[in-house]
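Please find one structure pasted underneath; my questions will follow.
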Amino acid sequence: MTGARVLIWGMFLLLLGGCQTFTNRLVGAGQVLLQGSSSERSVAQGIASYNNGDYQAAVVLLRHALEDVTLSKSNRINAHKYLAFTHCISVREKQCQESFERIIAINPDFNLTPAEAGHPVWGPVFRGVKARKNGKP
């Protein structure tokens, strides 16, 4: 092999190694898209749309998933969580708050991850919802 080919292959392998976590997440999402129910696929696609910055598509997909009464509790919570994030980012605080309220109605002990809770846009909205649900003003 020439020096250029060795360098290209080395860079390629380095990139693959650094992308292991991303690859695992992608494979996991792919399994949901291939094996899950229509509603589970809508949740996965809605989250992917959110992550890609396509908030309009995320809202449509996540709302579609929530119409399914058989959607699991964890998927229902995830769908509401990403709807809340989308609404907050889109400056729709009332809808953001309502999505968080729906999560707390499903699971009163629900908490965001520390990174999510520390977000400057939806963190305060979530804390306000939790405080009201716990009887604090």
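Among the residues of region 114-125, which ones are of a type outside the set (A, V, I, L, M) and more than 19 Å from ALA58 (Cβ to Cβ)? Steps first, answer last, please.
The first filter runs over region 114-125 and keeps only residues of a type outside the set (A, V, I, L, M), leaving 114, 116, 118-120, 122-124.
Listed by number, the residues that qualify are PRO114, GLY118, PRO120, GLY123, PRO124.
Only one of (1) at pLDDT 95 or above; (2) in contact with a helix residue (DSSP H, G or I) (Cβ under 8 Å, 6 or more places away or on another chain) fails for ASP68. Which number is that?
Failed condition: (1).
Can you give me the ranges of the helices (runs of 4 or more DSSP H) entirely in region 55-137 with at least 3 residues that are surrounded by 11 or more Cβ atoms within 10 Å (Cβ to Cβ) and of a type in the set (D, E, K, R)?
Result: 93-106, 123-133.
The values are calculated or read from the model by the stated rules, or taken from the named source; none is laboratory data. Just so it is clear, the model here is predicted, and its values are computed rather than measured. Cβ coordinates were reconstructed from backbone atoms using ideal geometry, including for glycine residues, and neighbour counts include every protein chain displayed.
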